[in-house]
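*Asks:* The structure under discussion is supplied below as structure tokens; questions concerning it will follow.
The values are calculated or read from the model by the stated rules, or taken from the named source; none is laboratory data. These figures come from a predicted structure and were not determined experimentally. Note that we place each Cβ from the backbone using ideal geometry, even for glycine, and neighbour counts take in every protein chain shown. When the accessible area is computed, the model is the full protein with side chains, heavy atoms only, and any ligands, DNA or RNA have been set aside. Shrake-Rupley method; radii C 1.70, N 1.55, O 1.52, S 1.80 Å.
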Amino acid sequence: MLAGLVYDAITPELIAELQATREVLHEFNMLRPSETQRMNEILKGLLGHTGDNNFLINQPFRCDYGKQISIGKRFFANFNFTVLDEARVTIGDDCFIGPNVSIYTACHSTDPVERNSRQEWAKPVTIGNNVWIGGSVTILPGVTIGDNVTIGAGSVVTHDIPSNTVAVGNPCKVIKTL
């Protein structure tokens, strides 16, 4: 899966890992908003890497495995952050994620017979430093977003976005270089 090769998404081992992650996320999402220390403890145990203790992910948060997600220093994600982390998702320092943002790494065949076999593959997503992702943005598998980028609300990021730019739309396109 992490190598980007085709794999069987319904193997018992993967299903067990997904279920275990859901149990952890259920505990996280049911905590009182004032229980920030416990929230951070849960996320530090779930995520593959946290840059420091100065991060916040608002509830609810959803992911598939958690351990393939790496966040940098001073990370913030607003409500309804969803990460399908079948491949690595690497997010740099000082990144701000708006509400209802989704990051996808899982890929499926467009052929219905192949798709119904539950065979899939995954492509990593990388987001640089000092990036602001507006609300309701969707980032598709294999995308790299450079440093110092703003992605406008509602955008669908289908391809790489270079550093020092503002990009918006569906598909997301650079509209301004900084």
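*Asks:* Within the stretch 99-114, work out how many residues are under 20 Å from Gln59 (Cα atoms), open to solvent by less than 10 Å² (accessible area, probe 1.4 Å) and in contact with a Gly (Cβ under 9 Å, 6 or more places away or on another chain).
*Replies:* Result for the stretch 99-114: 1.
*Asks:* I would also like to ask the following. Any residue at all in the stretch 139-147 that's surrounded by fewer than 16 Cβ atoms within 10 Å (Cβ to Cβ), within 22 Å of Pro99 (Cβ to Cβ) and not aromatic (Phe, Trp, Tyr)?
*Replies:* No: zero hits.
*Asks:* Could you go through the stretch 22-43 and let me know if any residue there is assigned to a helix (DSSP H, G or I), open to solvent by 20 Å² or more (accessible area, probe 1.4 Å) and in contact with a helix residue (DSSP H, G or I) (Cβ under 8 Å, 6 or more places away or on another chain).
*Replies:* Yes, that holds for at least one residue.
*Asks:* Can you find, within the stretch 148-165, the residue that is least open to solvent (accessible area, probe 1.4 Å) among those that are assigned to a loop (DSSP other than H, G, I, E, B) and hydroxyl-bearing (Ser, Thr, Tyr)?
*Replies:* Of everything passing the filter in the stretch 148-165, Ser155 is least open to solvent (accessible area, probe 1.4 Å).
*Asks:* Right, something else. Which residues, counting only those in the stretch 66-116, are among the basic types (Lys, Arg) and at pLDDT 95 or above?
*Replies:* Within the stretch 66-116, the subset among the basic types (Lys, Arg) is 67, 73-74, 88, 115.
Of everything in the stretch 66-116, those that are among the basic types (Lys, Arg) and at pLDDT 95 or above turn out to be Lys67, Lys73, Arg74, Arg88.
*Asks:* So, in the stretch 144-178, how many residues would count as being in contact with a Cys (Cβ under 9 Å, 6 or more places away or on another chain) and hydrophobic (A, V, I, L, M, F, W, C)?
*Replies:* Looking only at the stretch 144-178, we keep the residues that are in contact with a Cys (Cβ under 9 Å, 6 or more places away or on another chain), and these are 151-152, 155-159, 161.
Next cut, hydrophobic (A, V, I, L, M, F, W, C) only: 151, 156-157, 161.
Count: 4.
*Asks:* Turning to a different aspect of this structure: Considering each residue of the stretch 1-21, count those that are surrounded by 13 or more Cβ atoms within 10 Å (Cβ to Cβ), among the small types (Gly, Ala, Ser) and not in a loop (DSSP other than H, G, I, E, B), and give that number.
*Replies:* The qualifying residues number 1.
*Asks:* Identify the single condition in (1) crowded, with 18+ Cβ neighbours inside 10 Å; (2) in a loop (DSSP other than H, G, I, E, B); (3) touching a Leu at 6+ places or on another chain (Cβ under 9 Å) that Trp121 does not satisfy, given that it satisfies every other one.
*Replies:* Every condition holds for Trp121 apart from (2).
*Asks:* For the stretch 54-92, what are the residues that are closer than 19 Å to Pro141 by Cβ and open to solvent by 40 Å² or more (accessible area, probe 1.4 Å)?
*Replies:* Within the stretch 54-92, Arg62, Lys67, Leu84, Arg88, Thr90 qualify.
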